[in-house]
1. With only alpha-carbon atoms in the gyration tensor, what are the semi-axes of the equivalent ellipsoid for the chain, in Å, largest first?
2. Applying the Karplus parametrisation 6.51 cos²θ - 1.76 cosθ + 1.60 with θ = phi - 60° to the phi angles of region 104-109, what ³J(HN,Hα) value in whole Hz is obtained for each residue in order, glycine and proline being reported as x?
3. Quick check: net charge around residue 94, other residues with Cβ under 15 Å of its Cβ, Lys/Arg +1 and Asp/Glu -1?
4. 7 Å from Cα along Cα→Cβ at both residue 27 and residue 86: what's the point-to-point distance in nm?
5. Quick one: of the DSSP bridges fully inside the chain, what percent are antiparallel, nearest 5?
6. Whose amide H sits under 5 Å from the amide H of residue 67, counting only residues 5 or more places off or on another chain, with H placed in the peptide plane?
7. Can you run phi through the Karplus equation (6.51, -1.76, 1.60; θ = phi - 60°) for region 90-102 and list ³J(HN,Hα) in whole Hz, with x for Gly and Pro?
8. Before anything else, pin down the relative contact order of the chain: Cα pairs under 8 Å, at least 6 apart, normalised by residue count, whole percent.
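The values are calculated or read from the model by the stated rules, or taken from the named source; none is laboratory data. Being a predicted model, the structure only gives us computed values, none of them experimental. Here Cβ is always computed from backbone atoms with ideal geometry, including for glycine, and neighbour counts include all displayed protein chains. All accessible areas refer to the heavy atoms of the entire protein, side chains included, with ligands and DNA or RNA removed. Shrake-Rupley method; radii C 1.70, N 1.55, O 1.52, S 1.80 Å.
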Amino acid sequence: QVQLVESGGGLVQPGGSLRLSCTASGSIFSIYAMGWYRQAPGKQREFVAVITTTDSTNYADSVKGRFTISRDSAKNMMYLQMNSLKPEDTAVYYCDANTRGVTYWGQGTQVTVSS
């Protein structure tokens, strides 16, 4: 079992920045990749970014150049630095952890980009 807790969401103006954090606990040795997804009202959950245990990363086209995913294995934490935020980035952001056969999810953190 892996437990994930997100934090760092909030209200920010367009063009602003936020940093989301995801803390992992439990059977973290089994994780080979972690990522961020988001879900806006009335829309399906969509991929944002992923990072592997070898620090390979990948991003959705909509966030490339604006968002940066990173991790601190010593602290069992993953981050999403979000810059140049746009109103269309408004969503609940979820972190996930991938193990062999099971994907775990956090409870989500709300990000609202509005003036």
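1. Over the Cα atoms of the chain, the ellipsoid semi-axes are 23, 14, 13 Å.
2. 9, 10, x, 8, x, 9
3. Summing Lys/Arg as +1 and Asp/Glu as -1 gives -1.
4. Placing both labels 7 Å beyond Cα along the Cβ direction yields 4.0 nm.
5. Percent antiparallel among DSSP bridges in the chain is about 95.
6. Residues meeting the criterion, in which the H sits 1.01 Å from N, are 83.
7. Values per residue, Gly and Pro as x: 4, 4, 8, 9, 10, 9, 10, 10, 9, 10, 6, x, 10 Hz.
8. Value for the chain: 38 percent.
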